[in-house]
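Take a look at the following structure, please.
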Amino acid sequence: MAADAVLALVFVWITVGSLTSDAYVDEFGSVEGAGWWLAISPTLLLPLRRLAPLGVLAVATALYMVASASQGDTNALLAVPFFTYSVGMTRPANISGAIAAVTAALLSTVVLFGPGDPEWLVLPVTTMLVGVGWLVAVIVRQNQIRANQLAVEALNLRYEQDQIAERAVADERVRIARELHDAVGHAVNVMVLHAGAARLASDDPRTVDALRDIEDTGRSALTDLDHMLGLLHADAAPLTPIHGSADIATLVDELRAAGADIHFVQHCDHPIGRRVGIAAYRIVQESLTNAIKHAGPARIDVTLSCSAGELEILVTDDGTGGRDRNTNGSGRGIAGMRERASVLGGRLVADAGDERGFRVRALLPLEQQHSTAPRPLRHRSTTVDRPSVPK
């Protein structure tokens, strides 16, 4: 907006110089009183073009036509390309093109009225100025859309790579679990069988007691072995995700390099636990995926901050379609983020922004209170049969 204000001052200076020139005064007369404000008012709207592009273009067009009707050409057309550029950046090409065509047609009618002789050169000049602003906007918007598409592809590729790595880890864990279970379980089982046979063949009470202790300890060890090795099985324990909170900056850098307009700020010096860091990474990743897919060309802000024992994650964008995006939790992405936050005792809200865009805000406790009760394990049990001793 500061650049637009400087540009507006430059155009005002050019307009004042043109209206005070001898050629202008000889043809149209001197500008007096409110005529000055009417002459420069279209240019003064430049700082507002980003806030309401279509409204500013309509008002500037009307003011220019009124100024031209009363005092001739005022050079306010210099600002028109910037107005049509803003409209082109915020609307599809077919809609913004129609708006630009109507604007060019209206501005071209100034040759038919107003003081002085008609200057037909205004027609191509007006069309060129309006068209240049619109054409540049279309090109920039298409480049941003392509950049967003590349960013989505990069995000999907990264997700697929994570999945491949996790599957590889899962396969290796299953292989290790089977090998350890078979090798160690067999060896302990053999020791228990020999201890039982020796106990039945012994007449020494102390030896019998010692061998019985060996049997009991061996069976307990087999039970513990089943329990611990079952944790390595893919069906018994969840795989550990690769990325944590420390990788969020890298994720943002990769998407930014692919063309997405993402800004990342972190205000958290408190140590972030592993489980919270993993959840934070996945929430940011999913939020960025949604923003890039649905917001169109937009600025995305990612903020991490810590306060009162909580990690706050805020992902916002100023894109379009914020109120049309799914906020009731039926979508897998938002539902998955809510579930991640809920598992840790946190909460997550996803809704449309105050004016436009979309916002995801999650609060995760930095210190979780967990139940330490073991989860049910599904694994192969090892049984020990007492040896039969021939009579």
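Take the conditions of a type outside the set (A, V, I, L, M, F, W, C), more than 30 Å from residue 301 (Cα to Cα) and modelled with pLDDT under 70 and apply them to residue 219. Does it pass? Give the derivation first.
Working: of a type outside the set (A, V, I, L, M, F, W, C): yes; more than 30 Å from residue 301 (Cα to Cα): yes; modelled with pLDDT under 70: no.
No.
A further question on this structure: Against the condition in the same structural domain as residue 81 (by TED's automatic domain parsing) and at pLDDT 85 or above, how does residue 38 come out, does it pass?
On the way: in the same structural domain as residue 81 (by TED's automatic domain parsing): yes; at pLDDT 85 or above: no.
Answer is no for this residue.
Oh, and also: Kindly evaluate residue 147 against the criterion of being in contact with a strand residue (DSSP E or B) (Cβ under 9 Å, 6 or more places away or on another chain), aliphatic (A, V, I, L, M) and either under 30 Å from residue 297 (Cβ atoms) or at pLDDT 80 or above (or both). Can you show your working first?
Numbers: in contact with a strand residue (DSSP E or B) (Cβ under 9 Å, 6 or more places away or on another chain): yes; aliphatic (A, V, I, L, M): yes; either under 30 Å from residue 297 (Cβ atoms) or at pLDDT 80 or above (or both): yes.
In short, yes.
Are any residues in segment 348-366 outside any loop (DSSP other than H, G, I, E, B) and either farther than 21 Å from residue 277 by Cβ or touching a helix residue (DSSP H, G or I) at 6+ places or on another chain (Cβ under 7 Å) (or both), and if so, which ones?
Our first condition is that a residue be outside any loop (DSSP other than H, G, I, E, B); within segment 348-366, this holds for 348-352, 358-365.
Within segment 348-366, 348, 350, 351, 352, 358, 359, 360, 362, 364 meet the criteria.
Results for (1) out of contact with any strand residue (DSSP E or B) (no Cβ under 6 Å at 6 or more places or on another chain); (2) surrounded by 21 or more Cβ atoms within 10 Å (Cβ to Cβ); (3) at pLDDT 90 or above; (4) part of a loop (DSSP other than H, G, I, E, B), shown as yes or no for each residue.
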residue: 311; (1), (2), (3), (4): no, yes, yes, no
residue: 319; (1), (2), (3), (4): yes, yes, no, yes
residue: 323; (1), (2), (3), (4): no, no, no, no
residue: 326; (1), (2), (3), (4): yes, no, no, yes
residue: 330; (1), (2), (3), (4): yes, no, no, yes
residue: 342; (1), (2), (3), (4): yes, no, no, no
residue: 368; (1), (2), (3), (4): yes, no, no, yes
residue: 371; (1), (2), (3), (4): yes, no, no, yes
residue: 375; (1), (2), (3), (4): yes, no, no, yes
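Could you tell me how many of the residues in segment 261-298 are of a type in the set (Ser, Thr, Tyr) and within 30 Å of residue 141 (Cβ to Cβ)?
First pass over segment 261-298, keeping only residues of a type in the set (Ser, Thr, Tyr): 281, 287, 289.
Subset that is within 30 Å of residue 141 (Cβ to Cβ): 287, 289.
Residues that pass the stated criteria total 2.
What pairs come up if the first residue lies in segment 192-203 and is in contact (Cβ under 8 Å) with a residue 12 or more places away in the chain, the second is of a type in the set (Gly, Ala, Ser) and assigned to a helix (DSSP H, G or I), and their beta carbons are under 6 Å apart, counting only those six or more places apart or on different chains?
Every condition considered, the pairs that remain are 192/218.
Can I ask one more? Could you identify the single residue in 236, 260 that is modelled with pLDDT under 80, among the hydrophobic types (A, V, I, L, M, F, W, C) and either crowded, with 18+ Cβ neighbours inside 10 Å or touching a helix residue (DSSP H, G or I) at 6+ places or on another chain (Cβ under 6 Å) (or both)?
236
The values are calculated or read from the model by the stated rules, or taken from the named source; none is laboratory data. From a predicted model like this one, the values you see are computed outputs, not experimental measurements. Here Cβ is always computed from backbone atoms with ideal geometry, including for glycine, and neighbour counts include all displayed protein chains.
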